[in-house]
Amino acid sequence: MIQSSAEIPASAVVQFPEKLSLEALLPVAYRTMVRSRRIEARLLELFQKGYVKGTVTQSNGNEATAVGMALPLRPGRDIVSFLHRDFASHLLFGATPYQLVCQYMANADSLTHGREGNCHHGDARNRRLPMMSHLGKMLSLVVGGAWAARCSGEKVFGLAVVGDGGSSTGEFHEALNIASVRRSPVLFVVQNNGLSFSTPTSAQYRCENLSDRAAGYGITGRTIDGTDVWEVYTAVWDALAAMAEDPAPAILECRTVRLVGHAAYDKADYVSDEQMAQWQQRDPLPKTRARLLEACSVSEDEVAAWEQEIEEEVSEVIARAVPVARPDPVVRRGDVYASSSPAPVKPFQAKRLKNGEAVNRALDSILTDHPRAFLVGLDVGTYGSAFKTCKGLIDRHGPQRVVDMPLCESGLVGFCLGASQVGGLPIMEFQFADFSTEAVTQLGLNAGTWHFRSGCDAPLLMRLPCGGGLTMGAFHSGEYEGLWGRFPGLKLLYPATAQETYEALIAGFADRNPCLVFEHKLLYWSKSGPVDFDGDVRSVWRSRRYTEGEDVTIVATGAMVHEATAAAARSKYSVEVWNPFVLQPLDLDPIIDSVEKTSRLLVVQECGESGGLGNRIISQVLRHGRATLKCPAQLLAAPDLPVPFAPELETYCRPNADKILATVERMIGER
């Protein structure tokens with residue numbers, strides 16, 4: 001007699017390296033598949049009645065793949081990212097039916113507290129990473145997580161799931177390449193159901209099998225029947241066994257079916273009746289049921305009893321979930337940022353350092369004091385990075401902690417985000433801030449929203465060498481603080497001196513949120529000064545004042561700080577110069593106090609007028625301050641043009657001390 005579904009929880013099923021027999025697998029697999037389909041059917045009913053918000057994506061036809069791929073893995077140990085048709089996988093990895101129903105209803109008991117809907121959930125603390133809608137973007141997180149866990153001695157695997165449509169994205173290839181180069185033991189499961197929403201695979205790729213792409217990365221690939229739960233389970237188990245011997249990644253393409261539209265709003269009228277009939281013949285539920293009756297010592301009555309038991313269980317869950325209260329509508333900024341109260345670190349003093357040397361000393365201190373910290377980027381190893389700020393670090397800390405990576409900025413950010421979820425402490429250098437635009441989705445939408453969506457910290461330190469003045473042209477001279485300042489959940493620091501540079505990197509690393517430090521390239525080796533850091537990391541997060549004055553307040557960032565202080569030294573007026581330093585979250589209270597004293601405000605930024613944060617600074621000072629200005633607030637910025645290449649053109653565009661002086665003269669002369 002086989003036990004009832006209530007007597008064998010999925011968590012009790014043996015996992016790798018043990019292997020289930022066919023007779024042991026089928027009862028667990030079938031019950032999970034039925035439970036998944038029945039819950040999703042009821043969710044669709046609740047959607048049609050207005051209880052479920054957003055929409056409902058159903059797994060009909062994908063259940064065998066979702067169950068077979070999840071059963072061998074170790075929940076809470078292996079790193080996984082499931083997709084929207086992997087409802088059954090979440091059940092096997094610890095999500096309860098009640099939690100999942102509440103998630104779709106976006107009520108007070110939902111997994112994300114109503115902050116995300118439908119399939120956008122997980123359990124990041126237990127390494128089930130919540131997906132985002134930008135397909136392919138979750139793959140690199142699994143790669144980074146598996147790599148970082150392996151580096152700390154954990155014998156873990158990664159399971160990264162993508163659809164046939166998602167396999168066309170750049171991140172799919174970036175993640176595969178990183179995993180292959182870094183020997184990260186990740187199984188890439190491609191769920192190929194023949195459609196990406198309504199687009200057939202004939203419009204997606206021309207190779208015979210998507211697993212054929214494995215050869216391009218020097219790894220193995222295999223295509224199987226994704227509607228056969230035993231075949232999926234066995235193939236995944238075999239892949240894990242191979243990775244236990246050699247941690248090379250692999251591709252497993254599961255040919256599955258989608259028996260419904262893309263989501264509740266889609267009638268799938270682009271699929272012919274003949275094609276749908278063929279797919280119905282491959283429905284994994286009746287196939288698995290028939291095999292269960294044939295291969296196991298179980299009767300039709302017993303299987304029917306299981307099915308009735310599941311039906312009653314689902315009804316009970318629905319009855320509990322429907323009356324649950326709506327979530328608290330108050331969302332605070334503290335919900336966007338993870339709490340961060342770092343302890344003091346060791347003090348650091350130097351009589352005189354160039355800004356670039358301050359970068360190197362800060363990175364060396366971090367890598368020395370934190371064994372799980374690592375630095376990744378392009379040419380950060382032996383070459384010492386494009387601006388030599390990382391010179392010598394690989395010699396002191398080794399190639400496993402100062403890591404030259406493939407050229408794939410988006411995949412690298414995802415890699416770092418995944419590593420941060422298993423205790424890794426990543427530092428990433430963009431070779432130029434301009435190249436950070438390659439990672440807007442991964443950094444702005446995935447990492448930036450991570451704490452808000454998952455409740456988990458995302459401690460990432462991102463370094464962005466930025467700014468002009470070196471005649472490098474439009475693609476190597478941008479700052480982009482205005483772009484990154486528009487994503488909630490990111491923190492931005494923009495130092496101008498060696499002291500500030502050292503402090504920004506130490507404080508950004510210690511913070512529990514994604515922190516971007518803008519390092520002006522012109523200042524790396526042209527400016528120097530003393531560094532006297534007392535180790536109080538929390539005191540770093542403040543605006544900086546360089547001169548005191550009574551006539552006008554100048555707010556500047558980056559290289560413009562030095563132009564502003566030079567102008568102040570030459571001016572016949574009393575000029576107060578400030579650097580907000582922390583550009584997000586922006587706290588302008590000291591600057592507002594200064595403007596109330598001087599009654600004049602000039603903001604100087606190197607980038608174009610509409611590209612930076614100058615207008616936001618002016619707006620907030622005017623909105624929150626009480627000063628009556630003696631003249632309109634002014635923004636001195638470059639023209640809204642790409643940064644030109646020729647030195648004469650670049651010099652003409654960039655603000656400088658002369659232009660600042662002229663603006664101050666005009667402001668004070670106005671009535």
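The residues in segment 578-600 that are more than 19 Å from Ala638 (Cβ to Cβ) and assigned to a strand (DSSP E or B) can be counted, and the count is 3.
Does segment 558-576 contain at least one residue that is free of Cβ contacts under 8 Å to residues at least 12 places away in the same chain and either of a type in the set (Asp, Glu) or buried (at least 21 other Cβ atoms within 10 Å of the Cβ) (or both)? No, that holds for no residue. The number of residues in segment 339-371 being surrounded by 15 or more Cβ atoms within 10 Å (Cβ to Cβ), in contact with a Gly (Cβ under 8 Å, 6 or more places away or on another chain) and either outside the structural domain of Phe518 (by TED's automatic domain parsing) or part of a loop (DSSP other than H, G, I, E, B) (or both) comes to 1.
Specify the residue that is surrounded by the fewest Cβ atoms within 10 Å (Cβ to Cβ); the eligible residues are those in segment 385-420 that are of a type in the set (Val, Ile, Thr) and farther than 30 Å from Pro130 by Cα. Before you say what the answer is, go through the steps one by one.
Initially, segment 385-420 is screened for residues of a type in the set (Val, Ile, Thr), giving 389, 394, 402-403, 413.
Next, only the ones that are farther than 30 Å from Pro130 by Cα stay: 389, 394.
Values: Thr389: 26, Ile394: 20.
Restricting to residues being of a type in the set (Val, Ile, Thr) and farther than 30 Å from Pro130 by Cα, the top hit is Ile394.
Pairs linking a residue in segment 382-400 that is touching a residue at least 12 places away in the same chain (Cβ under 8 Å) and under 20 Å from Phe432 (Cα atoms) to a residue that is part of a loop (DSSP other than H, G, I, E, B) and among the acidic types (Asp, Glu), with Cβ atoms under 7 Å and 6 or more positions apart or on different chains, are Ser385/Asp379; Ala386/Asp379.
Evaluated against (1) in contact with a strand residue (DSSP E or B) (Cβ under 9 Å, 6 or more places away or on another chain); (2) under 27 Å from Asp511 (Cβ atoms); (3) modelled with pLDDT of 95 or more; (4) of a type outside the set (Phe, Trp, Tyr), Asp593 falls short on exactly one condition, (1). Residue-level check: of (1) assigned to a loop (DSSP other than H, G, I, E, B); (2) surrounded by fewer than 16 Cβ atoms within 10 Å (Cβ to Cβ); (3) over 20 Å from the mean Cα position of the chain (by Cα), Gly423 misses just (3). Residue-level check: of (1) part of a loop (DSSP other than H, G, I, E, B); (2) free of Cβ contacts under 8 Å to residues at least 40 places away in the same chain, Thr227 misses just (2). Number of residues in segment 519-538 that are polar (S, T, N, Q) and either outside any loop (DSSP other than H, G, I, E, B) or more than 29 Å from Asp434 (Cα to Cα) (or both): the value is 1. Of the helices (runs of 4 or more DSSP H) lying entirely inside segment 10-121, those containing at least 1 residues that are surrounded by 21 or more Cβ atoms within 10 Å (Cβ to Cβ), touching a residue at least 60 places away in the same chain (Cβ under 8 Å) and basic (Lys, Arg) span 22-48.
Selection of segment 542-557 for residues being in a loop (DSSP other than H, G, I, E, B), out of contact with any Asp or Glu (no Cβ under 6 Å at 6 or more places or on another chain) and surrounded by 17 or more Cβ atoms within 10 Å (Cβ to Cβ) yields Ser543, Asp551, Thr557. For segment 133-146, the criterion of a residue being in contact with a helix residue (DSSP H, G or I) (Cβ under 7 Å, 6 or more places away or on another chain), modelled with pLDDT of 95 or more and not in a helix (DSSP H, G or I) is satisfied by at least one position.
When restricted to residues that are in contact with a Lys or Arg (Cβ under 8 Å, 6 or more places away or on another chain) and either more than 15 Å from Ser410 (Cα to Cα) or charged (D, E, K, R) (or both), segment 122-147 contains 5.
All conditions in (1) farther than 19 Å from Thr557 by Cβ; (2) surrounded by 15 or more Cβ atoms within 10 Å (Cβ to Cβ) hold for Gln620, with the sole exception of (1).
Scanning segment 238-297 for residues that are out of contact with any Leu (no Cβ under 7 Å at 6 or more places or on another chain) and among the aromatic types (Phe, Trp, Tyr), we see that the one that is modelled with the lowest pLDDT is Tyr265. Close Cβ contacts (under 8 Å, 6 or more residues apart or on different chains) running from residues in segment 578-600 that are over 22 Å from Leu490 (Cα atoms) to residues that are crowded, with 21+ Cβ neighbours inside 10 Å and among the charged types (D, E, K, R) comprise Ser594/Glu576; Lys597/Glu576; Thr598/Glu576. Within the span defined as segment 382-393, one or more residues are in contact with a helix residue (DSSP H, G or I) (Cβ under 8 Å, 6 or more places away or on another chain), of a type outside the set (Ser, Thr, Tyr) and in a helix (DSSP H, G or I). Scanning segment 363-378 for residues that are farther than 19 Å from Gly535 by Cα and of a type in the set (Val, Ile, Thr) gives a single hit, Val376.
The values are calculated or read from the model by the stated rules, or taken from the named source; none is laboratory data. All figures in this text were calculated on a predicted structure; none of them were measured in a lab. Don't worry about glycine lacking a Cβ; one is built from the backbone with ideal geometry, like all the others, and counts go over all protein chains shown.
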